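Asker: I'd like to ask you about the structure that follows.
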Amino acid sequence: MYSQGLIGADGRTEETPEFLERFQRRIDAEEKIEPKDEMPEGYRRTLVRQIGQHAHSEIVGMLPEGNWITRAPSLRRKAALLAKVQDEGGHGLYLYSAAETLGVSREEMTEELLSGKAKYSSIFNYPTLSWADMGTVGWLVDGAAIMNQIPLCRCSFGPYARAMIRVCKEESFHQRQGYEIVMTLAQGTPAQKAMAQDSLNRWWWPSLMMFGPHDADSQHSDQSMAWKIKRFTNDELRQKFIDATVPQAEYLGLTIPDPDLKWNEAKGGYDHGPIDWDEFWRVVKGHGPMAKDRIKARKKAWDDGAWVREAALAHAEKRRARKIAAE
Amino acid sequence: MAVFEALLELADDHLILGHRVSEWCGHAPMLEEDLALPNMGLDLIGTARTLYDHAGKLEGKGQSEDDLAYLRDEREYRNCLLVERPNEDFAHTMLRQFYFAAFMRPYWLAALNSTDEVVRGVAGKAEKEMAYHIRHAGEWVIRMGDGTAESAARMREAVDALHIYVDELFDSSDVAQEAEAAGILPVRAALRADWDKTVEQVFAEALLEQPQAAFAQRGGRQGIHNETLGHLLAEMQVVHRAHPGARW
């Protein structure tokens, strides 16, 4: 899901076969690659884009949930949501730091996000339309993210893998919190239950799309798998997610909006109906319902905050000058 | 019941300021502040929750923290005017935070000797949080006051806009006076010297002057608010009120 930004990217690298072979031997031996180690340019570029996109996803991901902080229906939920959105910001900071070890600055990455050059997970370009979405986003969107991120804890690049360990712990808490919100609604008044069902209807398919195109249509999997940046294919992760989530929906008494969904005894997993890949590509290419609003909000925060950042720099400079003058 | 109402005043101050601060989440000038502002909001909302819960129990009519937060109207809210002021820009937001924390820190320190066990408990936690808010917001007041020409101008504007709401912090309503007489809450007027000292120190470094208020605005404790509070409450209470009796 954080490799959506790799679509159309140039993964070529120009090192000698000996160099590449030496590198691959380290990868195959499950050694962690650290920032100062030699690495193929394609490996570095792939990681910068993937970690950058992951960081941007956390930052843009603050907006759809931030949309409900001021309307949370109880003080307990308000505090929990505020803490959760704060966690997402923390993940962003953590990930930008991991990407910076590869020689790219947070400012550069931010500018790429704001100019539209860098991508973020397309799921955040859908709107949050009811309180139930705060539950569903935690349950499904964070749930899908965990499926993707658990294997990233074993990613060959050390700083990314280590960042993922902490991120996964928090995400798993978010997922349970989201599920608990949906459960409360599903066991609540008829209006609350309807709110939960409507939310599931809107988020189910976009959540499945988070795993990316079918393996047959995914261009970057092979190299990323060989470099052990990626450990499972899109379809494998999607299947795991569906198999874990369907019983959870059944427990809540909610209906997954897929009439073709059925248990397949032979494969030991669920079969699902066709995914609307036209919608997927439309959203990935920037035509999601909230795409323009999200970037506009980030850009506004960045532009409105420019004078604050300048003031902080100017003040630090004055302090330094005063200190030198006093010495 | 005086103590109940006096605790509501205090809880309302914290909830409304916490709500205001939470409005920044995802929109701050830098990522570090996107993390710091929710932290401060969580401190304030956490304090409000304990105080509402305690007030409801003392009243003894079965009102929960959510009943008190979500089912009272504008005229029933008792927060001071300072905390409901809109965020405006980062200068206003940080100055509002600094003014409030500079008041609440000595307030909670004094409340460590409260005759009420819950108030003592809240005070023990909140005085540390307020010390941190003074430091965080105070450092920003200094950075902006002694930063660029633009930031200095914005800081001065914030001081002009907010200083008329300061005096109300030190007023004790009739119900607060009763709670003070019973040793449950600290005497507000007694905290002025502490507040002045904290503000003077930071303003000296920030190259800011404390203007004399030509006329101090008051009214929050009587439920006479600015026009902005009703909008804040409308947003905060909409989901809760649309589903009467529902559990969340």
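Asker: Identify the single condition in (1) more than 10 Å from every other protein chain (Cβ to nearest Cβ); (2) more than 32 Å from the chain's Cα centre (by Cα) that A:Met290 does not satisfy, given that it satisfies every other one.
Answerer: It is condition (2) that A:Met290 fails.
Asker: Turning to a different aspect of this structure: Considering only residues of the range B:57-70 that are within 12 Å of chain A (Cβ to nearest Cβ) and of a type outside the set (Asp, Glu), which is most open to solvent (accessible area, probe 1.4 Å)?
Answerer: By that ranking, first place goes to B:Ser64.
Asker: Evaluate the following for A:Ile295: is it more than 14 Å from chain B (Cβ to nearest Cβ) and either open to solvent by less than 20 Å² (accessible area, probe 1.4 Å) or under 30 Å from B:Glu88 (Cβ atoms) (or both)? Talk me through it step by step, then tell me what you get.
Answerer: Details: more than 14 Å from chain B (Cβ to nearest Cβ): no; either open to solvent by less than 20 Å² (accessible area, probe 1.4 Å) or under 30 Å from B:Glu88 (Cβ atoms) (or both): yes.
Against the criterion (more than 14 Å from chain B (Cβ to nearest Cβ) and either open to solvent by less than 20 Å² (accessible area, probe 1.4 Å) or under 30 Å from B:Glu88 (Cβ atoms) (or both)), A:Ile295 does not qualify.
Asker: Let me ask something additional. Where in the range B:139-248 are the helices (runs of 4 or more DSSP H), entirely inside, with at least 1 residues that are within 14 Å of chain A (Cβ to nearest Cβ) and in contact with a helix residue (DSSP H, G or I) (Cβ under 6 Å, 6 or more places away or on another chain)? Spell out how you get there, then give the answer.
Answerer: On the way: elements: B:149-162, B:174-181, B:192-206, B:228-242.
Passing ranges, in order: B:149-162, B:192-206, B:228-242.
Asker: Then there's this: Going through A:Arg176, A:Arg166, A:Arg154 one at a time, which residue ends up being within 16 Å of the chain's Cα centre (by Cα), open to solvent by 10 Å² or more (accessible area, probe 1.4 Å) and either closer than 30 Å to A:Lys78 by Cα or more than 14 Å from chain B (Cβ to nearest Cβ) (or both)? Quick ask: steps written out before the conclusion?
Answerer: Working: A:Arg176 fails: within 16 Å of the chain's Cα centre (by Cα); A:Arg154 fails: within 16 Å of the chain's Cα centre (by Cα).
Only one candidate passes the filter, namely A:Arg166.
Asker: Moving to a separate point now. Does the range A:74-91 include one or more residues that are in contact with a Phe, Trp or Tyr (Cβ under 9 Å, 6 or more places away or on another chain), without any contact (Cβ under 8 Å) to a residue 40 or more places away in the chain, within 13 Å of another protein chain (Cβ to nearest Cβ) and hydroxyl-bearing (Ser, Thr, Tyr)?
Answerer: Checked the range A:74-91: at least one residue is in contact with a Phe, Trp or Tyr (Cβ under 9 Å, 6 or more places away or on another chain), without any contact (Cβ under 8 Å) to a residue 40 or more places away in the chain, within 13 Å of another protein chain (Cβ to nearest Cβ) and hydroxyl-bearing (Ser, Thr, Tyr).
Asker: Looking at (1) of a type outside the set (D, E, K, R); (2) in a helix (DSSP H, G or I); (3) farther than 20 Å from A:Asp258 by Cα, which one does A:Ile229 not meet, given that it meets all the others?
Answerer: (2)
Asker: Let me ask something else about it. How about the range B:8-32: which of its residues are of a type in the set (Asp, Glu) and more than 8 Å from chain A (Cβ to nearest Cβ)? Please lay out each step first, then the result.
Answerer: Quick first cut of the range B:8-32, residues of a type in the set (Asp, Glu) only: B:9, B:12-13, B:23, B:32.
Listed by number, the residues that qualify are B:Glu9, B:Asp12, B:Asp13.
Asker: Given B:Glu88, B:Glu76, B:Glu84, which one is buried (at least 24 other Cβ atoms within 10 Å of the Cβ) and of a type in the set (Asp, Glu)? Break it down into steps so the answer makes sense when it comes.
Answerer: Values: B:Glu88 fails: buried (at least 24 other Cβ atoms within 10 Å of the Cβ); B:Glu76 fails: buried (at least 24 other Cβ atoms within 10 Å of the Cβ).
Just a single option satisfies the conditions, and that option is B:Glu84.
Asker: Being within 12 Å of chain B (Cβ to nearest Cβ) and either aliphatic (A, V, I, L, M) or part of a loop (DSSP other than H, G, I, E, B) (or both): is that true of A:Leu102 here?
Answerer: On the way: within 12 Å of chain B (Cβ to nearest Cβ): no; either aliphatic (A, V, I, L, M) or part of a loop (DSSP other than H, G, I, E, B) (or both): yes.
Considered against the rule, which asks whether it is within 12 Å of chain B (Cβ to nearest Cβ) and either aliphatic (A, V, I, L, M) or part of a loop (DSSP other than H, G, I, E, B) (or both), A:Leu102 comes out as no.
Asker: Turning to a different aspect of this structure: Could you list, in sequence order, the residues of the range A:56-73 that are free of Cβ contacts under 8 Å to residues at least 60 places away in the same chain and at the interface with another protein chain (Cβ under 7 Å from one of its Cβ atoms)? Talk me through it step by step, then tell me what you get.
Answerer: First, the residues of the range A:56-73 that are free of Cβ contacts under 8 Å to residues at least 60 places away in the same chain: A:58, A:62, A:66, A:69-70, A:73.
Within the range A:56-73, A:Met62, A:Gly66, A:Ile69, A:Thr70, A:Pro73 meet the criteria.
Asker: Which of the residues spanning the range B:188-215 are loosely packed, with under 15 Cβ neighbours inside 10 Å, modelled with pLDDT of 95 or more and not acidic (Asp, Glu)?
Answerer: Matches in the range B:188-215: B:Ala189, B:Ala190, B:Ala193, B:Lys197, B:Gln201, B:Ala204, B:Leu207.
Asker: Please count how many residues of the range B:91-103 are touching a residue at least 60 places away in the same chain (Cβ under 8 Å), open to solvent by less than 10 Å² (accessible area, probe 1.4 Å) and away from chain A (no Cβ under 11 Å).
Answerer: 8
Asker: So if I check each of B:Gly41, B:Gly46, which one is within 11 Å of another protein chain (Cβ to nearest Cβ), open to solvent by less than 10 Å² (accessible area, probe 1.4 Å) and not polar (S, T, N, Q)? Step through it out loud before you land on a result.
Answerer: Working: B:Gly46 fails: open to solvent by less than 10 Å² (accessible area, probe 1.4 Å).
Result: B:Gly41 is the single residue among B:Gly41, B:Gly46 that is within 11 Å of another protein chain (Cβ to nearest Cβ), open to solvent by less than 10 Å² (accessible area, probe 1.4 Å) and not polar (S, T, N, Q).
Asker: Oh, and also: Would you check if A:Gly135 is under 30 Å from A:Leu200 (Cα atoms) and either open to solvent by 30 Å² or more (accessible area, probe 1.4 Å) or free of Cβ contacts under 8 Å to residues at least 40 places away in the same chain (or both)? I'd like the intermediate steps shown before the answer.
Answerer: Details: under 30 Å from A:Leu200 (Cα atoms): yes; either open to solvent by 30 Å² or more (accessible area, probe 1.4 Å) or free of Cβ contacts under 8 Å to residues at least 40 places away in the same chain (or both): no.
No; evaluated as a whole, the condition is false for this residue.
Asker: When residues of the range A:105-130 are filtered for being in a loop (DSSP other than H, G, I, E, B) and out of contact with any His (no Cβ under 9 Å at 6 or more places or on another chain), how many remain?
Answerer: Here is the first cut: in the range A:105-130, the ones in a loop (DSSP other than H, G, I, E, B) are A:105, A:116-121, A:126-130.
This time we only want the ones that are out of contact with any His (no Cβ under 9 Å at 6 or more places or on another chain), so: A:105, A:116-117, A:126-130.
Residues flagged as in a loop (DSSP other than H, G, I, E, B) and out of contact with any His (no Cβ under 9 Å at 6 or more places or on another chain) within the range A:105-130 amount to 8.
The values are calculated or read from the model by the stated rules, or taken from the named source; none is laboratory data. Remember, it's a predicted structure, so these values are computed and weren't measured experimentally. All Cβ positions, even for glycine, are placed from backbone atoms using ideal geometry, and neighbour counts span all protein chains on display. Note: areas computed on protein heavy atoms with side chains; ligands, DNA, RNA excluded. Shrake-Rupley method; radii C 1.70, N 1.55, O 1.52, S 1.80 Å.
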